[in-house]
Amino acid sequence: MRYYSVYIEKTNDFYTYASDDENIKVGDRVLVSFRNKERVGLILKEELEKDYPFKVLKIKRVLYEEISFSKNFVALLLWIKEYYLSSFDQVFSTAVPSGVKIKYEDVYRVVKVDSLFALNEVFEYFLSKIKVRKKTLVDRFGKEKFSLFVEKGYLKNIDGWYCLDEDSDCSEEELKNYFELRKEVGKQTLEKKFDKKVLDKMVKNGELIFERRIKSFDDENLKKTYKMQDLIEDTKLNLEQQKIKDAIEESNKKHFLIRGVTGSGKTEIYIHLIKRALEKGNGSIFLVPEISLTPQMVLRFKKEFGERVAILHSRLTQNDRAKEWYSIYTGEKQVVLGVRSAIFAPVKNLEYIVIDEEHENSYKQDSNPRYNAKYVGIKRAELENAKVILGSATPSIESYYYAQKGIFQLYEIENRYKDAKLPEIDIVDMKKEEDNFFSEKLLLEMRNALLKKEQIILLLNRKGYSTLIQCEECGHMEECEHCSIKLNYYSSNGSLKCNYCGISKRFTGHCSKCGSDKLSFSGRGVERVEEELRKKFPVNIIRVDGEVAKEKDFYENMYNDFLAGKYDIMIGTQMISRGLHFPNVTVVGVINADTIMSIPDFRSGERTYQMITQVAGRAGRGDKDGKVIIQTYQPENYIIEKIQENSYKNFYEKEIEKREILFYPPFSKVINIGISSEKEEGLEEYCYEVLKAIQDEKIEIYGPMKSLVYKVKGRYRCNIFIKGDRKSINDYKKSLEEKIKKIESKNYRIVVDVDPINLI
Ligand code: ADP
Ligand code: ZN
Ligand code: ZN
C-alpha cells in the first residue's frame, strides 16, 4: 500500500489517500471519496509516512480519461505555494484556466425500468414532435404499447391528435412514471419537481440511485485540430544579433539577460531562437507585459508561427482560454505568446522562456498568489531544463545585478538596428518657464516636426483632467467616500472618479458641501494637457489613456491610424511608453517627469528612469533622427541627469550603490505584510499584536505604519516591512505562515507579499 498527498479543488489542506495501484504518478487525477461525496483529486506527492492516526481512505481509481499534469508542473505549483506563502488552491486556480477544471454533475437514476424501457422511445419520439395521429403511433410502436401509453396516461387525446401529457402531481407512483420516460434526471430538476423525502426513501430502498458524475474535458468544442504550417523564411540577422543568438544556443548556461537599447532588434533574436527550437520539435513561451501585447506583436507572431502559436491575453473568454490551453496541452500549439499567467501554459518540450521588457511590474500579480512570472519562469526552466531569456532596454536593477554577478549570462547591444541613431535628449527646467504646460523648447521642436509632417508623442503619466478640485468659497475638497483620497475629475465624461476603488459619480459643477460653483482645478492630468494642446495646435490629436483604451479595438485602431499618419500628435499616459514602433515619430515630449519620482518607494527612481527611457525610445526609430524633451521641476535630480547621459550603466552604478548602502534588494529580501480592517478602532493595537507574534531577531522589522493611502474601499490599512539577507528571510518565511495563522482574526485581513514591488 502506498500513501499519497492529494489536493482537492476548493479545499485548503492536502489529504492523504492510499492505493496499491503501482501506476499512480504525481500529477494524476484520481477519484476519491471526500466528505461522503465523490471528488476528483490531484496526486501531489507520495507520502513516506505509513502510520496514520486516522483511517486512510483508498483511492477509487485513476481517471486516465482526465487531463493529468506533469510532475514538473505539480512541483512548480508547490514551489509557488511555499515561496509566496499562498494556498495551493489559489495557486492552482491561477495556473489552470477554469474551463479545464473538473465540474461535477449530480444526477438521479432509476435502477429498474424493465419492460417499460419502451416508454423511453415514446418520450424520445415526442421530443421533436408536438402532436401525432393515432395511426402513426400504432404503426411505429404497435398496438399493445400504444394502449399502454394511453392507459398509463402518458399520452392524451386532443381532438383526435395524441400528445405527451406532462405530470405534475408528486407521489411515488408519479415519480416512477416520470422515470419511465427518462433514464436520469439532474438533482435540481428532480428535487424541484418531487418531495425530497420521497426521493430519499427511494434511494434508501435501492430503487433510485443518486450519483455524482464528473463532467470533464470531453466538451467537443474545445477540441479542434490545427493545421501545421511551414515556417516562413527568416529575416536575416545582423552580425551582432547572430552572435547573441548562437551564443545562447550553444551555451550550457540557463539564464540570460539581453540588454539592448530600444530598437536594437532583440525581438528578432527571440524569434530566431524560437524558430530553431520549433524545428527540433521544442516549444517556447514568450511573455510580454499586457500592454505590449499589441496588435503588431500578435501579427508578427501569427506571421511567423501561423496556427502553431497560442495567444493568451487577459481579455480571452473562459472558453477561448480553455481551447488555447487544450491545444497547447495536446502539443498542437507549441509557441505561446502571452501575459503573466501564460507562464503556466502546458507547453511540451519547453526549450525557451522569453521574458520581454523584463523590468515591467505587470509580471508581478498584485492579488493572491502574489507571484512574479519572471521568477516562476526561472524556476520552471530549472525544473524542465529550459533556458530563460530576459530582455529589456532598461533591465531591473536586480536583474542587471545578477548579470554582473554572473548568475545571468549578459549580452548587450548598444546600437539600434541598422544604426538608427538614439535620440538626443534635452532637459528643461520648468521652474524657469512661464507656461507650465509646454516649455519654449518643446513648442519649438513640435512646430518644426509638424512643419516637416513628422509625428509627435507626448507623455503625461496622470489620468483624468485634474487630480484635485477645491471649492474657493468654503475650501472643501472632493474626496472618495470609501478611500482617503481626493477624487479625480474627468472632463471627457463629466465624472469624478476615485482611482483606488474605481467608483465614479457625475460632476455637477458645484461644491458638494456649500453648492458654490467657484471651483479650482489643480493637479493637471492628461485630459487637461490635451485641452491646452488643442488650443495651441490645430492639428489632429489623439489621446491614449486607460479611459479610451476601454473601448473595444481602440488600441488596434489607434495603432493603425497613427501609423497611417491620420494623427499628428499622440498624447497619453504610461501606456504609450512601451513597444510602439512608429518610424515617423521624431519628437517625444515628457510633460512632467516628476510624477513617479515623488512617490516614496525605493524603486521610484528606477521606475522613472525606465519609463522615460522607454518613451524616449519611441523617437527616431526610422531614418529620421529623433529628439526628446524632458520637462521637470527637479533637473538636478540624479535620475534626470542619468536619463540625459543616456547610459544605462551610469544609472545602474549610481542606483546599485544606493541600494547597497540602504540594504535594499538585490542586497536584501523584503516581505510586506498588509493588515486591514473595516474599523479603524483597534487596528493599531492589532498591528502591534501581529508585530509581536512575527518578531525574529535575525531580520529587521519596520512598522506598523499607515499605508500611504490609509483607507481604500472602506478598509483601513497598515503595513509591516520585513527586511533581511537572503538566507535569513528564507529561513524566516518557513515559520511565518504558522505564526500568522495563530493570530488570525476574522475582523482583520492579513496579506503577505513576498518580494513586493510596491512598498506603499
Ligand atoms: P527591440 O525589440 O530591441 O526594441 P525590434 O526587434 O523591435 O527592437 O527591432 C527594431 C526594428 O528593427 C523593427 O522594426 C525590426 O523589424 C527591425 N529589425 C531588427 N532586426 C532586424 C533584422 N535582422 N532584419 C530586418 N529588420 C530588423
Ligand atoms: Zn464649497
Ligand atoms: Zn475610492
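Give me the one-decimal Kirkwood hydrodynamic radius in Å for the range 1-95, with the sum taken over alpha-carbon pairs. Final number for the Kirkwood radius of the range 1-95 is 13.6 Å. In this calculation the C-beta distance from Glu678 to Met477 is compared with R0 = 25 Å, giving a FRET efficiency of 0.55.
Please give the charge dipole size of the chain, origin at the Cα centre, charges +1 on K and R Cβ atoms and -1 on D and E Cβ atoms. Round to the nearest 20 debye. It comes to approximately 1260 debye.
Among residues other than Tyr732 with Cβ under 9 Å from its Cβ, the summed charge is +1 (Lys and Arg +1, Asp and Glu -1). When each of the peptides 72-80, 4-12 is scored by the mean number of other C-beta atoms lying within 10 Å of its residues, the order from highest to lowest reads 72-80, 4-12.
Between the helical axis of 604-616 and the longest alpha-carbon principal axis of the chain there is an angle of about 80 degrees. For the range 749-759, the Karplus equation 6.51 cos²θ - 1.76 cosθ + 1.60, evaluated at θ = phi - 60°, returns couplings of 10, 10, 10, 9, 10, 8, 6, x, 10, 10, 9 Hz by residue, with Gly and Pro reported as x. With the highest mean first, a sort of the peptides 134-143, 381-390, 353-362 on other beta-carbon atoms found within 10 angstrom per residue produces 353-362, 381-390, 134-143.
Of the Cα atoms belonging to the range 693-736, the radius of gyration and Dmax stand at 13.0, 37 Å.
Less than 5 angstrom separates the built amide H of Ile209 from those of Arg109, Val110, Val111, all sequence-distant by 5 or more or on a different chain. From the alpha carbon centroid of the range 375-427 to that of the range 605-646 is 19 Å.
Each of the peptides 85-98, 583-596 was scored by the mean count of other Cβ atoms within 10 Å over its residues; in descending order, highest first, they stand as 583-596, 85-98.
In this structure, the amide hydrogen of Ile413, modeled 1.01 Å from its nitrogen in the peptide plane, lies closer than 5 angstrom to those of Arg259, Gly260, Val261, counting only residues at least 5 positions away or on a different chain. How big is the gap, in Å, between the Cα center of the range 12-34 and the Cα center of the range 648-714? With the range 12-34 and the range 648-714 each reduced to a Cα centre, they are spaced 40 Å.
Compared with the dominant Cα axis of the chain, that is its longest principal axis, helix 683-694 is turned about 80°. The phi torsions of the range 92-108, fed into the Karplus equation with coefficients 6.51, -1.76 and 1.60 and a -60° offset, translate into couplings of 4, 4, 6, 7, 10, x, 4, x, 9, 7, 6, 10, 10, 9, 9, 9, 9 Hz, rounded to whole numbers, with Gly and Pro shown as x. Going by a ≥ b ≥ c, the root eigenvalues of the Cα gyration tensor, does the range 255-319 fall in the rounded group (a/c under 1.5), the prolate group (a/b larger than b/c) or the oblate group? Note, shape of the range 255-319 comes out oblate. In units of the rule-of-thumb radius 2.2 N^0.38 Å, the range 578-634 shows an alpha carbon radius of gyration of 1.22. The Cα-based radius of gyration of the range 313-365, divided by its Kirkwood radius, gives an Rg/Rh of 0.97. Amide H contacts of Phe34 (H built 1.01 Å from N, in plane; Pro and chain starts excluded): Arg39 sit under 5 Å, all sequence-distant by 5 or more or on other chains. Estimated translational diffusion coefficient (Stokes-Einstein, Kirkwood radius over Cα pairs, 37 °C, 0.692 mPa s) of the range 364-438: 198 µm² per second.
Give the share of C-alpha pairs in each 5 angstrom bin for the range 626-760, from 0 to the last occupied bin, in whole percents, shortest bins first. Pairs per bin, as whole percents: 2, 9, 16, 16, 14, 11, 10, 8, 7, 4, 1, 0. Across every direction, the projection of the convex hull enclosing the Cα atoms of the range 427-476 has a mean area of 5.5 nm². The calculated 222 nm mean residue ellipticity attributable to helices in the chain amounts to -10000 deg cm²/dmol, summing -39500 (n - 2.57) over DSSP H runs of n ≥ 4 and dividing by all residues. Please report the spacing between the Cα centers of the range 235-309 and the range 478-524 in Å, no decimals. Centre-to-centre distance over Cα atoms comes out at 46 Å.
Derived scalar couplings between HN and Hα for the range 402-409 equal 4, 5, 4, 7, x, 6, 9, 6 Hz in order, rounded to whole Hz, by the Karplus curve 6.51 cos²θ - 1.76 cosθ + 1.60 (θ = phi - 60°), x for Gly and Pro. Relative to its Kirkwood radius, the Cα radius of gyration of the range 321-476 gives an Rg/Rh of 1.11. Restricting the calculation to alpha carbons of the chain gives Rg and Dmax of 32.1, 104 angstrom. What you get for the range 370-431, charging only the Cβ of Lys and Arg (+1) and of Asp and Glu (-1), is a dipole of about 340 debye around the Cα centre. Helix 143-152 axis versus longest C-alpha principal axis of the chain: approximately 70°, rounded to the nearest ten.
Each value in this text was obtained by applying a stated rule to the coordinates, not by laboratory testing. Everything numeric here is computed off the predicted structure, so don't read it as measured data. Ideal geometry is used to build each Cβ from the backbone, glycine not excepted, and the neighbour counts take in all protein chains shown.
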